[in-house]
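The values are calculated or read from the model by the stated rules, or taken from the named source; none is laboratory data. Given the structure is predicted, the values throughout are model-derived calculations rather than measurements. So basically every Cβ, Gly included, is an ideal-geometry build from the backbone, and we count neighbours across all protein chains shown. These accessible areas exclude ligands, DNA and RNA; they are computed on the full protein's heavy atoms, side chains included. Shrake-Rupley method; radii C 1.70, N 1.55, O 1.52, S 1.80 Å.
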Amino acid sequence: SIQLKKVETKSMLWKLTAVAFAATLVACGSGSDVVEADTTTIEGAIVKGPVHKAKVAAYKVNADGSRGDKLGDEVRSEADGSYKLSFSGYSGVVVIEAAADGETAIKDEATGTDVKPGSSFKLRSAVSLPPTGRTFKVQVNPLTDVAVAAAQRKTGEFSAANVEQANAELRSSVT
């Protein structure tokens, strides 16, 4: 009886932890922060261990599913991996991409040391944004990158429905 309660408690704690983790993975939330009438803000963190000084940019998605024009300016992630992008005049599917260069470092959470990623390092996240003028929370990590790849493999590639389905599948797989 005591053993069973311990197992049930551990199982419940694991499930609660997984739900909290999933919420941060694809938190393409609808924050109510109104910036300017036509300005969209996307903020979150680049995490594979905190990724410091990653080059972070948001991109439109072309009709054929390929990466389109950059939305707004590229930014560098902070020491904790956080970033904030702003742009105007666009709604639809957006890919947030974090890439490395010589300045980028990943904090190894086990040792506390900085690790330099290779020049091919890239993590992505994709969201479908409604009309502008709001702030959205979008995390970028290895699992959101898997969701982007899943959306790309679907018929219709980067349609809003495919992005939403891939993100929903990611959330359900970790809960």
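Tabulated values for the structure
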| item | result |
| --- | --- |
| Net charge of neighbours whose Cβ lies under 13 Å from the Cβ of Ala161, counting Lys and Arg as +1 and Asp and Glu as -1 | -2 |
| Over segment 57-96, equivalent-ellipsoid semi-axes from the Cα gyration tensor in Å | 21, 11, 8 |
| Whole-number accessible area per residue in Å² for segment 71-125, which is evaluated in the context of all protein chains at 1.4 Å | 51 |
| Size of electric dipole in segment 132-175: Cβ of Lys, Arg +1 and of Asp, Glu -1, about Cα centre, debye, nearest 20 | 120 |
| Under 15 Å, Cβ to Cβ, from Ala149 - net charge with Lys/Arg +1 and Asp/Glu -1 | +1 |
| Dipole magnitude of segment 48-175 about its Cα centre (Cβ charges: Lys, Arg +1; Asp, Glu -1), debye to nearest 20 | 160 |
| Residue-count net charge about Ile46 - beta-carbon cut-off 12 Å; Lys, Arg +1, Asp, Glu -1 | +3 |
